[in-house]
Amino acid sequence: MVCGPANASSKKIAAANKRTISNLRKGFIAVNVTYFLWRIVYHWQTFTTVQMVLYVLSLGVSLFFYSVLEGSAESRYDASGALVASGDDLNAEGLTAYMFDIIYITWATHLLTAFISNKGWYLYLVIPAYAAYKIFPMAMSYFGSKEPQTEKAETDGKSKRQAKMEKRQNKGQVKYKR
């Protein structure tokens, strides 16, 4: 089974996923080796139990998301070496992008706490704040609370262009009453 032109996009996705996972792995190694050497080895006297717990928890979260991304990006090949499935596209929007964002925020937090201050852990609060920002409007619409502007748009149901087109259509027609 040879992949023809129909599978060219699958081959591109598989190659892009392989590069992305490789870059992510290199990033993990660079950030965590830097953190370990600078923060734990060189500044051991300021590395407290709380810092260790925060580091291990945040590292665990980012490694979990990395393993999910790596598993979903995995390509499958048949016995002859032909591509069967390219895996999920890691450039897709949605949860995949959020997983990358969490990994990048974790890296930034690790580098901030390693080189600048322990207050860099507050950067991690961006994650639940953004989640609340995205979830709150959905929850409010679920419970029936809508903004006045949204209600007006729903009652009209038509854009200005649609209203104008209907007005033109009705202009030449005569309405008869009985």
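Which residue is surrounded by the fewest Cβ atoms within 10 Å (Cβ to Cβ), if the candidates are limited to the range 109-136 and must be touching a Phe, Trp or Tyr at 6+ places or on another chain (Cβ under 9 Å) and under 16 Å from Thr34 (Cα atoms)?
It comes out as Phe115.
Does Glu74 satisfy the criteria of being modelled with pLDDT of 75 or more, in contact with a Gly (Cβ under 7 Å, 6 or more places away or on another chain) and surrounded by 14 or more Cβ atoms within 10 Å (Cβ to Cβ)?
Answer is yes for this residue.
Return the only residue of Lys152, Lys134 being modelled with pLDDT of 80 or more, outside any loop (DSSP other than H, G, I, E, B) and not hydrophobic (A, V, I, L, M, F, W, C).
It is Lys134.
Report every pair of residues separated by at least 6 positions or lying on different chains whose Cβ atoms are under 7 Å apart, first residue within the range 43-60 and free of Cβ contacts under 8 Å to residues at least 60 places away in the same chain and aromatic (Phe, Trp, Tyr), second in a helix (DSSP H, G or I) and surrounded by fewer than 16 Cβ atoms within 10 Å (Cβ to Cβ).
If the second residue must be in a helix (DSSP H, G or I) and surrounded by fewer than 16 Cβ atoms within 10 Å (Cβ to Cβ), the pairs left are Phe47/Ile40.
Could you please give the count of residues in the range 77-108 that are within 21 Å of Lys18 (Cβ to Cβ), at pLDDT 85 or above and small (Gly, Ala, Ser)?
The qualifying residues number 0.
Being hydroxyl-bearing (Ser, Thr, Tyr), in contact (Cβ under 8 Å) with a residue 40 or more places away in the chain and not in a helix (DSSP H, G or I): is that true of Ser80 here?
Considered against the rule, which asks whether it is hydroxyl-bearing (Ser, Thr, Tyr), in contact (Cβ under 8 Å) with a residue 40 or more places away in the chain and not in a helix (DSSP H, G or I), Ser80 comes out as yes.
Give all pairs with beta carbons closer than 9 Å in which a residue from the range 116-131 that is small (Gly, Ala, Ser) meets a residue that is part of a helix (DSSP H, G or I); count only pairs at least 6 apart in sequence or on separate chains.
Gly120/Ala108; Gly120/Thr109; Gly120/His110; Gly120/Leu111; Gly120/Leu112; Gly120/Thr113; Gly120/Ala114; Ala131/Tyr98
The values are calculated or read from the model by the stated rules, or taken from the named source; none is laboratory data. It should be emphasised that the depicted structure is a prediction, and the values quoted were computed from it without experimental measurement. As a convention, Cβ positions derive from the backbone with ideal geometry for all residues, glycine included, and neighbour counts pool all protein chains shown.
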